[in-house]
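FYI, it's all coordinate maths here, none of it is from the lab. Because the structure is a prediction, the values reported are computed rather than measured. Here the Cβ is made from the backbone with ideal geometry for all residues, glycine too, and neighbour counts use every protein chain on show.
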Amino acid sequence: MILMRSPQTELAFPQKIDMSAPRKSREFIAGLVLDLLTANDPSGAYPDSYYHATANRVEANAPLRDDAICDVCIIGAGYTGLSAALYLADRGFDVIVLEAHRVGWGASGRNGGQLGSGQRLDQSELEAQFGEKIAHRLWELGREAKSLVRDLIRTHKMDCNYRPGILYADHHPRLVDGSRAYVEKLQRDYGYGQVRFLDRDALCETVNTQAYHGGALDTGAGHLHPLKFAQGLARAAMDAGVRIHEQTRANHVTRSKTIHVECDEATVRAPHVLLACNGYLGNLDDSVARRVMPLNNYMIATEPLGAERAQALIRKNIAVADSRHVVNYFRLSRDNRLLFGGGESYGYRFPKDIRSFVRPRMLAIFPQLADVKIDYGWGGTLAITRNRMPHLERLEDNLFSASGYSGHGLGMATLCGKLAGEVICGTAERFDLMASIPTPEFPGSTRLRRPLLALAMLYYSLRDRL
């Protein structure tokens with residue numbers, strides 16, 4: 001899912017918070033200690049989303065019942081874990097993947113399906129922080145992330161409905177000149193000719209709304225069915241020999257020369273372990289938990305609109321993400337529904353009626369859909385970092401973590417899985433480049449950081465309304 005866009009490098013937090021102040025509800029406080037793996041969804045079942053309704057029907061892999069030994073144990077069967085597993089298996093490693101629910105159950109199977117260019121931070125911000133040389137290397141990693149996804153789709157014949165094009169739309173006139181200048185920068189300094197600026201008239205010809213004032217169309221980016229892509233990765237990994245155990249929760253990781261991963265009924269022993277948990281890390285590692293924050297976001301799917309009405313809404317079948325700090329993102333499905341995501345909440349519980357929660361945001365962009373029925377509404381938990389860059393960390397010589405994609409995870413999570421595979425194979429340069437980017441800790445303990453984030457999110461959502 002796509003979350004926040006901001007000219008600031010880090011999320012801004014208040015320096016002090018009155019912990020005795022009234023809360024929005026008791027649920028907000030309870031949300032600070034909820035188990036996110038079980039808080040909002042039935043155990044072992046996919047959410048009732050449009051993606052699940054249209055995904056491939058595959059039988060669940062058996063839970064781990066007996067102790068096992070392997071070369072690499074990966075915790076989490078999302079894009080990161082499955083990409084790493086496939087990379088390692090192709091190189092002869094014996095790999096076990098542990099998944100608490102189902103393959104692609106988390107953000108990998110619920111997100112907006114947008115495969116963006118570059119990193120979550122734009123190149124100007126990266127240059128300001130790290131210099132032009134590092135910024136160019138990070139751009140090339142982002143370029144490889146897109147190519148990797150497309151290559152995997154083609155090589156493994158995944159039917160996940162990939163289509164080119166993402167439009168980044170400016171919700172305020174003051175942002176238009178910046179979009180124009182950034183397009184020119186990418187073309188001039190990065191040789192990227194697949195992006196072009198759209199003024200208001202050109203944008204309105206592409207997206208039938210008066211909500212935006214200009215933007216940038218990136219035809220080198222694209223969008224797809226995210227759960228089908230995750231399922232395709234899992235199928236490719238299993239074909240390569242990976243053992244995937246679903247409904248198998250990792251409860252504890254004991255660090256040693258041979259790491260022990262303790263599950264409910266059995267233990268896996270492996271000389272290398274990768275934490276690929278993203279927003280569902282729980283208490284497996286405190287260092288990562290201090291730097292990677294779970295956050296919920298929500299999507300809806302309309303009833304089928306029919307080809308004519310759908311194409312009048314968004315021409316050329318592109319995806320759209322806007323410039324709000326709490327991003328609205330949307331696209332058409334293969335069967336001509338509008339898939340629309342957006343909205344923030346300040347507790348870990350999903351809203352009771354997600355359809356009603358997101359629908360007003362959709363109507364603010366497309367008031368002409370007031371008569372349209374909403375068939376699906378679902379939530380998901382992604383993970384963000386303060387600087388909005390992925391957090392890769394070498395926790396021990398044989399224990400690694402990759403997470404915190406901040407709404408830019410379709411490509412980067414897939415690539416970071418490959419980078420984790422590379423470092424386990426003994427080639428550390430690219431993993432270490434990403435790991436060298438400092439990830440600031442969130443203020444307060446894991447209990448206190450959530451109220452601070454809520455205030456920061458409230459601040460940004462108020463700015464969006466100005």
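When the chain is described by a simple charge dipole with +1 on each Lys and Arg Cβ and -1 on each Asp and Glu Cβ, the residue from Pro360, His391, Gly81 located farthest towards its positive end is Pro360.
Between the stretch 71-100 and the stretch 126-177, the alpha-carbon centres lie 24 Å apart.
Simple spin-label estimate for Arg154 and Arg255 gives 4.2 nm between the two label positions (7 Å along the Cα-to-Cβ direction from each Cα).
Given only helices, namely DSSP H runs of n ≥ 4 each adding -39500 (n - 2.57), what is the per-residue ellipticity at 222 nm of the chain, to the nearest 500 deg cm²/dmol? Numbers along the way, then the final one.
Numbers: 14 runs with 151 residues, N = 466.
Calculated mean residue ellipticity at 222 nm is -9500 deg cm²/dmol.
Rounded, prolate or oblate: pick one for the chain, where a ≥ b ≥ c are the square roots of the eigenvalues of its C-alpha gyration tensor, a/c under 1.5 means rounded, and failing that, prolate if a/b is larger than b/c, else oblate. Cα axes put the chain in the rounded bin.
Couplings 3J(HN,Hα) for the stretch 130-136, derived from phi with the Karplus relation 6.51 cos²θ - 1.76 cosθ + 1.60 (θ = phi - 60°), are 10, x, 5, 4, 5, 4, 5 Hz, where x marks Gly and Pro.
Normalised by the number of residues in the chain, the mean separation of alpha-carbon contacts (under 8 Å, six or more apart) gives a relative contact order of 25 percent. A straight Cα-to-Cα reach below 23 Å connects Lys185 with the lysines Lys133, Lys146, residues fewer than 8 places away in its own chain not being considered.
For the stretch 173-238, relative contact order (Cα pairs under 8 Å, six or more residues apart, normalised by length) works out to 30 percent.
May I ask you to order 97-109, 166-178, 359-371 by the average number of other C-beta atoms within 10 Å around their residues, highest value first?
Output ranking for 97-109, 166-178, 359-371: 97-109, 166-178, 359-371.
Just to confirm the number: angle between the C-alpha axis of helix 449-464 and the first principal axis of the chain, 0 to 90 degrees, nearest 10? Once rounded, the angle reads 20 degrees. Counted over the chain, the DSSP beta bridges are approximately 70% antiparallel.
Axis of helix 176-189 versus longest Cα principal axis of the chain: the two differ by about 60°, to the nearest ten degrees. Sorting the segments 225-232, 146-153 by their mean number of nearby beta carbons within 10 angstrom, highest to lowest, gives 225-232, 146-153.
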